[in-house]
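The structure under discussion appears below in the form of structure tokens.
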Amino acid sequence: QTLCSSDLAGHPPRGGGAMRASSTQDVLAVLRMTGVTLLAWMMVGWTPDRLLPGFDAVLLFFPWLEEVQRNLGQSGAWGVMSFRPLGGAAFAATTGFPWLMQLPLALGVPAWVTVNLAVLVPQVLVGFFAWKVWTHAPCLTPEQSVPTHATPPPWFQQVACAVFFGFMPLVGWRMAHGHLNLLPALPATLAVVHVYLVGARRVTAVAGFLTV
């Protein structure tokens, strides 16, 4: 028995039609949040042809991914990832190789686009799962599960989450400064909280895919 075995209004678990409608809403939410995130970066001077993060990303991740891509082009394999920042330890052996970076490179995506995706994708995921947790948080207090006041429309909630959670300093600032080691845990934590609130059987197909 989960904390939220029924929806916010106290009805039994939803049927297939309602779940499909929720999945459609999730797709629209991801598209809105992606647009808001890109627009926000452009408002502070970023353009799609520029490297989004700086500092450590320029010194570490970007040269490393360029070497990986060069090895792929020469040998058709990942090759020897021997990049050593500032003459120190081998980078790949020290940090590992996140799949979010492996997949675009394997598909031929340029290294600078891959680095940008490593910032943008987690931002969108943090905003998305923050919105999902926000909408299901009343399940923790069943006696207050039916709102007594007007709630903002879903699109407004999604935009707010994309801005306030996707650009909170831990995500929008630290990751843009190249601290991509924050990548694995932040979206995953919110995703697990969301699954815990609604129950695994009631997670939409879109939310389940993004969780995995």
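Bear in mind these aren't lab numbers, they're just calculated from the coordinates by the rules spelled out. All values reported here derive from a predicted model rather than from experimental measurement. Every residue, glycine among them, receives a Cβ derived from its backbone with ideal geometry; neighbour counts consider all protein chains shown.
The length gained on full extension between residue 58 and residue 70, counted as 0.36 nm times the residue separation minus their Cα-Cα distance, comes to 2.6 nm. Extension gain, residue 20-residue 100: 0.36 nm per intervening residue step, less the Cα-Cα distance, totals 26.1 nm.
Each label point was placed 7 Å from the Cα along the Cα-to-Cβ direction; for residue 212 and residue 189 their separation is 2.5 nm. For the pair residue 196 and residue 155, label points projected 7 Å from Cα toward Cβ lie 3.4 nm apart. Applying 0.36 nm per residue to the separation of residue 137 and residue 40 and subtracting their alpha-carbon distance, the gain on full extension is 32.2 nm. Residues whose amide H comes within less than 5 Å of that of residue 174, counting only those at least five positions distant or on another chain, are absent (H built at 1.01 Å from N in the peptide plane).
Annotation for residue 47 and residue 112: the two label points, set 7 Å from Cα along the Cα-Cβ direction, are 1.1 nm apart. Between amide H atoms placed 1.01 Å from N, distances below 5 Å from residue 54 occur with 177, 178, all of them 5 or more places distant or on a separate chain.
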